[in-house]
Every structure is written in structure tokens, then in C-alpha cells.
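Visitor: Mind having a look at this structure? Questions to follow.
Bear in mind that the values in this text are calculations on the coordinates, not laboratory data. Bear in mind the structure is a predicted one, so any value in this text is a computation, not a measurement. Every residue, glycine among them, receives a Cβ derived from its backbone with ideal geometry; neighbour counts consider all protein chains shown.
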Amino acid sequence: MPEAPELQAHAERLDAELAGAVLAGFRPLTFTALKTYAPDPASLVGQALRSVGRRGKYLLLDLGEATFVVHLMQGGRLKPDEKQSAKPRGGIARWTFDDGRALLLTEPGTERKAGVWVVAGDLEAQEPIAGLGPEAAELDEAALGTLLAAHPMRLHGFLRDQRILAGIGRRLANEICHRAKLSPFAGTAKLDPAQVARLSAAIRACIDESLAAERSRSEMVKSAEREGAVHHRVGEPCPVCGDAIRSVEYRAYTVAYCPTCQTGGRVLADNTTSRFLK
Ligand SMILES: [Zn+2]
């Protein structure tokens, strides 16, 4: 799933391309694409797209009177739609503009989880943005320390929980734990001040570096194609110490880490029910 840096860079590309375009229509292409009943998207026809932005893992198309909030889920894409075919492959929803251009939301496969919300008024007070934690990149060390203490859990899960802090997914969680030299399974409430400081710096550095890399691209790519020290590098040497990157495999994802850098040399049991993961 794309994370804050990919989505931020993508929002900036869409903003540069489409800001100012006047909405001519919005059409859901599946029954589940539009997640809200009101306001009616048709009421926004004639409004100019003020900006394309991002909050957490959501893209925000600001039409002034209301905002289209778009979630791409795992493999969804929101792209300029050159063909504008009647039945686009994987099509979820289409926006058309009065200069003839269009924007298409697609999602591969049959899961159909990507979706669009139309929200008027305070975005932060309404679904799906309500309930998101603060932006991970904007948290200072003190605020991070407060959140860690308030949510006793394993660090990797903490970093990925959008209700606690927004924008970090599986790849960044792996990279941040490695950068901070902390076990992905460290208890959040047990981190000492020096560890919290390292974590805070690692969150910022990993997001900043990823954002710089994404801004140099012309399109969103898969997470396997992004640079990283541990993510998608299991079995390869750690770029810091040379130890082999190890993993703990879950059904839906992989926690990747360096034993020497992160767990005092301990290789964690590759078993999700192990009591020894710490
Ligand atoms: Zn290492």
C-alpha cells in the first residue's frame, strides 16, 4: 500500500497538472466506489479543483464547497485518463473536467476496496479522515513520546496504526525501526528517552528521504521498487553492519530487520505466535 511519501509526491504531480480545472462530472464505475450519500457529487459540477493534497494515506481533491477524499488501498491508482474508454480496466470512478481532460481511479483485481468520499465542511471531523492520528512527519519528539506511552504495544504495529499516527505503512515501519536501531517488537511504553529520540529522528529521516526519492519519479511505483535498507532485502547484507537481513513472516506482510543493528544479535523466531518476540 502506498505510504505518505508516495502519496504526497503523487498529490503534488496531480496538483501541478490539474489544479484550476473545472469539474464537469463525477461518475462511480462500480456500485461500491462512492462511500457517501451527501453531498451529491453532481452539486460540485462547475467548481474549480483548487488543489490536490494528502492526509494520511488519503488523497484530497479540494473543490471548495466539498472535497473528494480518495483511498487507493493496496494497488489502486489515480491517474489522468487519456483514453476515457466506456469500460476502463479496473475502473472505480472517473472525474471529467470542462476542458476535456479526465482523472480515473482504478484498482486491479476484484477486491474493489478503493473508494471515494465526498465531504463538505471540516474534513478532520468526518469519515474517513476523522479518527486519523497526527501526521507522522509532523510529530515532535515530545508528542511522539506521549503517544508511545499512551499505546503500549509492539513498535512495528504502533507505527502502522493510522489511528495513532498517520502515513506510515509496512515498508516505512521496517525502515524506521532499522534506522532507529530498535527491534520491531520492542514494547512502545518501555522505550527510554534516548530510544524515543532515535525513533523520532528516524521517522523524520525515513519519510524525508522517501519523499525526496518519490519527487524525483514521474509516477508511483511498487514498494519493491523503492530504495530501502531492510524492506524487500531479506537475506541481503545490512548496509550498516553487513549482517544478513532477517524476517518474521506474517500472512499479509513481512517484518524485516537486522539482528546486529536492532535485536542485540538475536534472530527472532519466525513464528507469529512465539512468546519470545520482544
Ligand atoms: Zn545491521
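Visitor: Take each of the peptides 56-67, 26-37, average the number of other beta-carbon atoms within 10 Å over its residues, and list them starting from the highest.
Guide: 56-67, 26-37
Visitor: At 222 nm, what helix-only mean residue ellipticity would the chain give, in deg cm²/dmol to the nearest 500, using -39500 (n - 2.57) for each DSSP H run of four or more?
Guide: Result for the chain, helices only: -7500 deg cm²/dmol.
Visitor: Now a separate question. Remind me, what semi-axes does the chain give for its equivalent ellipsoid, largest first in whole Å, using sqrt of 5 times each Cα gyration tensor eigenvalue?
Guide: 37, 19, 16
Visitor: Measure nothing but the geometry: give the 0 to 90° angle between the long axis through the Cα atoms of 170-179 and the longest principal axis through the Cα atoms of the chain, rounded to 10°.
Guide: Computed tilt is about 40 degrees.
Visitor: Which pairs in the list K79/K222; K190/K222; K79/K181; K113/K181 are over 27 Å apart, alpha-carbon to alpha-carbon?
Guide: With Cα atoms farther than 27 Å apart: K190/K222; K79/K181; K113/K181.
Visitor: How far is helix 4-18 tilted, in degrees, relative to the longest principal axis of the Cα atoms in the chain, given as a value from 0 to 90 rounded to the nearest 10?
Guide: In the chain, helix 4-18 runs at an angle near 20 degrees to the longest axis.
Visitor: Looking only at the range 93-127, which residues have a backbone nitrogen under 13 Å from a spot 7 Å from the Cα of E65 in the C-beta direction?
Guide: From the range 93-127, the list is 119-121.
Visitor: What does the highest-first list of 169-176, 119-126, 157-164 look like by mean Cβ count within 10 Å?
Guide: Listed from highest to lowest mean packing, they are 169-176, 157-164, 119-126.
Visitor: Apply the a/c threshold of 1.5 to the C-alpha gyration tensor of the range 82-135 and tell me whether it is rounded, prolate or oblate.
Guide: Details: a/c = 3.34, a/b = 1.62, b/c = 2.07.
Cα axes put the range 82-135 in the oblate bin.
Visitor: Give me the angle, in degrees from 0 to 90, between the Cα long axis of helix 141-150 and the longest principal axis of the Cα atoms of the chain, rounded to the nearest 10.
Guide: The two axes meet at around 80 degrees.
Visitor: Using a simple spin-label model with points 7 Å from Cα along the Cα→Cβ vector, what separation in nm is obtained for E219 and D243?
Guide: 3.9 nm
Visitor: Moving on to the next point. Count the net charge of all other residues whose Cβ sits under 9 Å from the Cβ of T32, scoring Lys and Arg as +1 and Asp and Glu as -1.
Guide: Computed value for this residue: +3.
Visitor: Counting just the Cα atoms, what span does the range 1-126 cover along each of its three principal axes? Round to the nearest Å and put the largest first.
Guide: 33, 31, 30
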